[in-house]
Every structure is written in C-alpha cells, then in structure tokens.
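Read through the structure below, which is laid out as structure tokens, and then see the notes.
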Amino acid sequence: IRREIAEMAGDAAAWLARRGLFARTVVIKVRYSDFETVTRSHTDAPTRDAAALVARAQALLDKTDAGTRP
C-alpha cells in the first residue's frame, strides 16, 4: 500500500509542477472488502513536494484500518 501511495503522490506532484499549482489538502479514500468506505483529509501549507505529499498521505492512512482489515 505504501508503495502505491508514493507512486500516486509522485504523479500528483509532477501534475502540480507542470501546471504551476500547489496542493494544500490531501485526501485518501479507503474501501474495505465489505465495501465500507472511509475518507480522511488533511490541510496544511501549500506544497508540490512529493515527499511532503507522501508523508501527509501516509499519516492519513495510519488513521484507518488499512493493512489490518481486508
């Protein structure tokens, strides 16, 4: 899961850089095997740094049951 987050954050950072934009809010959506869906978001200082986006997304992922629940 963490590798996918890093890959998606890298893609998002590249997209932002191409357009000269910054992100303030990172949102993740997790769907479990029983189709229950949880959404988590975090707003902070504007950035387009992939490492910062990864850190925010991973912190949000840690607030879910992903990895321990199918």
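The values are calculated or read from the model by the stated rules, or taken from the named source; none is laboratory data. What you see is a predicted model, and the numbers here were worked out from it, not measured in a lab. So basically every Cβ, Gly included, is an ideal-geometry build from the backbone, and we count neighbours across all protein chains shown. To get the accessible areas, we keep the full protein, side chains included, count just its heavy atoms, and leave off ligands, DNA and RNA. Shrake-Rupley method; radii C 1.70, N 1.55, O 1.52, S 1.80 Å.
Just need a number here: residues in the stretch 28-70 that are of a type in the set (Val, Ile, Thr) and more than 17 Å from ARG2 (Cβ to Cβ). Going through the stretch 28-70 one residue at a time, the tally reaches 5. Of all the numbered requirements in (1) at pLDDT 95 or above; (2) open to solvent by less than 60 Å² (accessible area, probe 1.4 Å); (3) not hydroxyl-bearing (Ser, Thr, Tyr), GLY10 misses one, and that requirement is (1). Applying a threshold of 7 Å to beta carbon distances and a minimum spacing of six or more residues, or different chains, the list of pairs starting in the stretch 57-69 at a residue that is open to solvent by 70 Å² or more (accessible area, probe 1.4 Å) and ending at one that is basic (Lys, Arg) reads LYS63/ARG40. Among the residues of the stretch 37-60, write down those that are in contact with a Lys or Arg (Cβ under 6 Å, 6 or more places away or on another chain) and among the polar types (S, T, N, Q). Once the filter is applied, which keeps residues that are in contact with a Lys or Arg (Cβ under 6 Å, 6 or more places away or on another chain) and among the polar types (S, T, N, Q), the stretch 37-60 yields THR37, THR39, THR43. Can you work out which of the residues in the stretch 16-56 that are surrounded by 12 or more Cβ atoms within 10 Å (Cβ to Cβ) and of a type in the set (Ser, Thr, Tyr) is nearest to the chain's Cα centre (by Cα)? Filtering the stretch 16-56 for residues that are surrounded by 12 or more Cβ atoms within 10 Å (Cβ to Cβ) and of a type in the set (Ser, Thr, Tyr), the one nearest to the chain's Cα centre (by Cα) comes out as THR47.
Within the stretch 1-60, the set of residues being assigned to a strand (DSSP E or B) and β-branched (Val, Ile, Thr) comprises THR25, VAL26, VAL27, ILE28, VAL30, THR37, VAL38, THR39, THR43, THR47.
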